[in-house]
Structure formats: structure tokens, C-alpha cells
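Everything below concerns the one structure shown next.
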Amino acid sequence: MVEIERGILSANDALAARNRDELAAKWQFALNFLSSPGAGKTTLLVETLCRLHGRLPLAVIEGDQQTSNDAERIRAAGSPAIQVNTGKGCHLDAGMVGRALAALDPAEGALVFIENVGNLVCPAGFDLGEAKRVTLVSVTEGEDKPLKYPDAFAGADLVLVTKADLLPHLDFDVARLTANIARVNPRATVLRLSTRDGEGMDAWTDWLLAARKLFLEDLAARAEARAAGLRQTAGIPA
Ligand SMILES: Nc1nc2c(ncn2[C@@H]2O[C@H](COP(=O)(O)OP(=O)(O)O)[C@@H](O)[C@H]2O)c(=O)[nH]1
Ligand SMILES: [Mg+2]
């Protein structure tokens, strides 16, 4: 059992590394979105695409066990999207994402959103080649979810606390949730947001664009260092 699991994960890691290289070669910044079903991933993506439309190239890979409903919602928002149905599978893997990227062929410099299959367990173990991982948890899910499903939070660069507009109707303690996130992942940024009243949407898009900028600057610095090394090897003065 342990051997098989290790085999599957290392095969996935090799494909994830290939996706990461191919994305980097085209200066594409990819994010992997995890959450339980219904936390608001697709709604957030639709809102985000509307805000960023016309400013930079966008593309979306939608993962669900069945239906192409979410890809249709994204296309209706004016962005290219491809639906991956995992059937009995409970998560996307790097092979599926590699094939989806080949079919979708996002433009150079694109922001690529990958919406994983909704659950807080299986997607956490599979690197897709993304640059950043974003985990959503809605205020109707309970403050203890980071402790119950730590892997989904431990690997996140950003945790979005969604549906904040519902807080007046609930006895949900955002500070307790934030403390629980910090227990499993002290380095994650935590933002509270609502697609209904727009709370946190500016902070979210600011985070997204700043993370993409840093990623592209890092790629540029590496390309320059590689070029400088090649010039030196070839005896060409800088
Ligand atoms: N009140 C409220 N409802 C939301 C918000 N975002 C999404 N929803 C609702 O939550 C449900 C599930 O949203 P969806 O985006 O499909 O979740 P996904 O399964 O994570 O993709 C839908 O009925 C949305 O309208 C929000 O910010 N506030
Ligand atoms: Mg969805």
C-alpha cells in the first residue's frame, strides 16, 4: 500500500515539474484552488475574471467529478475554460492538468486558474505544477476545519475566508478560525472576503497581482543569470 502510494505520488511529481517548466517557459502564472464543495470557488473566479478582463490574458481549468457547469459559468464571463471530469476521482492530478493546458493553450503571460475538485482531503496531496495554492473556507463550515483537514491548509499560500456577508447571521468566530489556520500554517496570508458585498475583493486581487509580479520577476532574474552564465562560458563579454 505504502509503496503504491509513493509510486503514484512520485509519478505525479514528475508530471507536475513538467507542467511547472512549461508554464514558466510561457510566463504563465498558475493558481490551484482548493475547498470543500460550495465554498465559493467558481463564484470567486467569475468575479475575479470580470475584474481582470482586458488587463491580462486569463484561462481557467475546471475540475469536477461530473458536469461542465462550472466551465460554462466561466465561459459566460468571457474567459477561455476547459472542464476536466474526474469521474470517481476526488482530485485533479498533474497529468490531467498537463493535458488540459495542452488543449487550452493559454496565451503567453496568462493567469491560469485551476479549480480543483471540491473536497478538503484528496486534492491536498497532489502538486499540479501551480505557482501558488489558494484554499477557501466559508464562514458556514465551522472554525475547526483547519485542524480536521490540516493538509488542505498546510500547503496554502493564501487562505480566503469566504461568504463574510453571512457573518451577521451566524455565531462564527473568524479570530478562532484564523488562529486555527496559523496553528497548521503560520506562513499563510489570510483574507476575509465576500463576492456578494465586495468585502476583501480589492485585497484579493492586489495579493494576486503582487504574487504574479514577484513570480515573473523571479523568472526574469533566473533567465538573466542563465544568459550571463552562457555568455561567460562562450567567452562573450557582457
Ligand atoms: N452569501 C454568499 N454566497 C456565496 C458567496 N460566494 C458564493 N456563494 C454561493 O455559494 C454557492 C456555491 O458557490 P460556488 O461558487 O458554486 O462554490 P464552489 O463549489 O466552491 O465552486 C452558490 O450558491 C453561490 O451563489 C458569497 O460571497 N456570499
Ligand atoms: Mg465550482
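For the reader, a short list of remarks on this structure follows.
- As a rough footprinting exposure proxy, the listed residues Lys41, Lys26, Lys213 were ranked by other beta carbons within 10 Å of their own, and the order from fewest upward is Lys213, Lys26, Lys41.
- Most mobile listed residue (Pro146, Pro186, Pro80) in the chain, GNM with C-alpha springs under 10 Å: Pro186
- With 10 Å bins beginning at zero, the pair-distance distribution over Cα atoms of the chain amounts to 7, 30, 35, 19, 6, 2, 0 %.
- Within the chain: Cβ-based charge dipole about Cα centre, in debye rounded to nearest 20 (Lys, Arg +1; Asp, Glu -1): 440
- Fewest-first ranking of Ile82, Ile181, using other Cβ atoms within 10 Å as the exposure measure: Ile82, Ile181
- Nearest-ten-degree value, helix 201-233 long axis tilted from longest Cα axis of the chain: 20
- Measuring against 22 Å, Cα to Cα, the residue pairs Lys88/Lys145; Lys41/Lys132; Lys148/Lys213; Lys26/Lys88; Lys132/Lys213 contain Lys88/Lys145; Lys148/Lys213; Lys26/Lys88 as the ones spanning a longer distance.
- Charge dipole (segment 1-107, unit charges on Cβ, about Cα centre) - positive-most of Ile8, Gln65, Asn19: Asn19
- Relative to the dominant Cα principal axis of the chain, helix 2-25 is inclined by about 60°.
- Look at the dipole of segment 2-233 built from charges on Cβ: of Ser194, Ala182, Asn119, the Cα furthest out on the positive end belongs to Ala182.
- Least to most buried among Arg133, Arg6, Arg18 (fewest other Cβ within 10 Å first): Arg6, Arg18, Arg133
- Most mobile listed residue (Leu158, Leu45, Leu56) in the chain, GNM with C-alpha springs under 10 Å: Leu56
- GNM flexibility winner over the chain from Gly54, Gly118, Gly63 (Cα, springs under 10 Å): Gly54
- Relative to the longest principal axis of the Cα atoms of the chain, the long axis of helix 174-184 lies at roughly 40 degrees.
All of the numbers you see were taken from the coordinates with simple rules; none came from a lab. Remember, predicted model here, so these are calculated numbers, not experimental data. Heads up, the Cβs are rebuilt from the backbone with ideal geometry, glycines too, and the neighbour counts pull from every protein chain shown.
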